[in-house]
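The values are calculated or read from the model by the stated rules, or taken from the named source; none is laboratory data. What you are looking at is a predicted structure, and each value in this text was computed from that prediction instead of being measured. Virtual Cβ from ideal backbone geometry, glycine too; neighbours counted across all protein chains shown. For the accessible areas, the whole protein counts, side chains as well, though only heavy atoms, and no ligand, DNA or RNA atoms are used. Shrake-Rupley method; radii C 1.70, N 1.55, O 1.52, S 1.80 Å.
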Amino acid sequence: MTQSPATPLPPPKERRRLRETASLTQAQLAARLGVSRQTVRAWESGRTAPRGTKGEAYSRLLADFAERSEVTTEVTPEAASEVTPEAASGMTPPQAPEPVTPVSLAKEVVVAVPQPQAAPSSPAPSAPAPALTPAQAFDALYAFCAPALVRQAFLLTGRRELARESVERAFQLAWQRWPEVARDRDPASWVRAAAYEYALSPWHRFRPRYRHPEPPPAAPADRVLLDVMLSLPPSYRRTLLLHDGVGLGLPETAAETEASTPAAAGRLLHARQAVAARLPDLTDPAELHRRLTALASAERLRAPRPPVVRSGGERRARFWTRAAIAFTVAIIGATALTLRTAPTQYEPPVPPGEAVQGVPPRSAPGPLSEEELSLKAKLRSETAHGPERLVPRAE
């Protein structure tokens, strides 16, 4: 019979929190315990309970994590810079010597927090590390995730400049919402989702600089693989990259792509079938992951420095804030001018002139008759001035 672990286990949510405090992924913890990643996920979700020797080892490891988390509460930037982005981004170089499964090879993209070292044997207590400022925490996250995200965005779009721009815009958005991102359980996933959304936006096709294709990769095999990736629909391409490239599980992939787990599984299956139809040697997910890693590592893609991204994001935010203020002031001014010049009462408009119908036209005078002519001559012969004109004469 299997025995329950002697040390009581914390609740499932606390197990996951302790693992994340130790900066371990589910795959790394599974490799330490000698179990599968699905088993660790089931332990952390509460679906199953660890038993036997594996349960005891898991309980001791969680207790060790709890003790370390009480001692080390902050992380210095020097410690965060010790972790290479390629090792933790899920896009490791293809010359890895040890043959491992796709799940263990494709690590999750996590925050730049190194694994805590064992406490020294000396009883002298260590001084607590100073707390990171928001700029230092942002720079550590950027230095850890940006190089890998640029490579992933290149696999999504096939464009180098668009990949760099997508990652830069995603981190600028993260800096604008830094209090929200800093409290997120997985800030790297938040930034990755924002970068993917910007990279796959359909509006880029209307930009003049992105209407013409960029030079393809030098290697013929890389060109074919990139063409196959770009021929997939954007949702299928993103699902394949997250699952087989980055190494996320199917539930995590479905959550990040905002789809149900059956829908994500269907997209992944159809994407693998489309890749295998063009490249039969990539039917194995491990080989597909290796080829995607080689394709992403072959390109010289560099992201700008963190201060440049932060200053660019602040300038963009100031510009749009001022533009919004100017637009609001213009609307207020136009409204005030309208109220000032508008009439206070109704004035009916003057209708246009129309011709009067039914009135006969005025006739011009015709020629004079004989009587009228004689009368006219008599009037002209009479005196025109003087009292004689006023006093009648008796005749």
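P(r) tail, region 284-342: Cα-Cα pairs separated by more than 19 Å, 66% of all pairs.
For region 179-224, a/c is not less than 1.5, where a ≥ b ≥ c are the root eigenvalues of the C-alpha gyration tensor, and a/b does not top b/c. That puts it in the oblate class. When you count the other C-beta atoms within 10 angstrom of each residue and take the mean per peptide, 190-202, 338-350 line up highest first as 190-202, 338-350.
With both labels modelled 7 Å from their Cα along Cα-to-Cβ, the Leu269 to Asp284 distance reads 2.3 nm.
For Thr321, neighbours were defined as the other residues whose beta-carbon sits under 12 Å from its Cβ, and their charges (Lys and Arg +1, Asp and Glu -1) total +3.
Counting Cα-Cα pairs of region 258-395 in 10 Å increments starting at 0 gives whole-percent bin shares of 7, 10, 9, 10, 10, 8, 8, 8, 6, 5, 4, 6, 7, 3, 0. Against the criterion of solvent-accessible heavy-atom surface with a 1.4 angstrom probe, Arg211, Arg41 sort, most first, into Arg211, Arg41.
Give, as a single signed number, the net charge of other residues whose beta carbon lies under 14 Å from the beta carbon of Pro217, with Lys and Arg counted +1 and Asp and Glu -1. Every neighbour counted, the sum reads +2. Annotation: peptides 283-293, 10-20, ranked by per-residue average of other Cβ atoms within 10 Å with the highest first, follow the order 283-293, 10-20.
Checking every one of the GluC sites (Glu not before Pro) in region 213-282 against DSSP loop status and a limit of 16 other Cβ atoms within 10 Å picks out Glu258. Counting only protein heavy atoms and a 1.4 Å probe, region 167-294 has 49 square angstrom of accessible area per residue.
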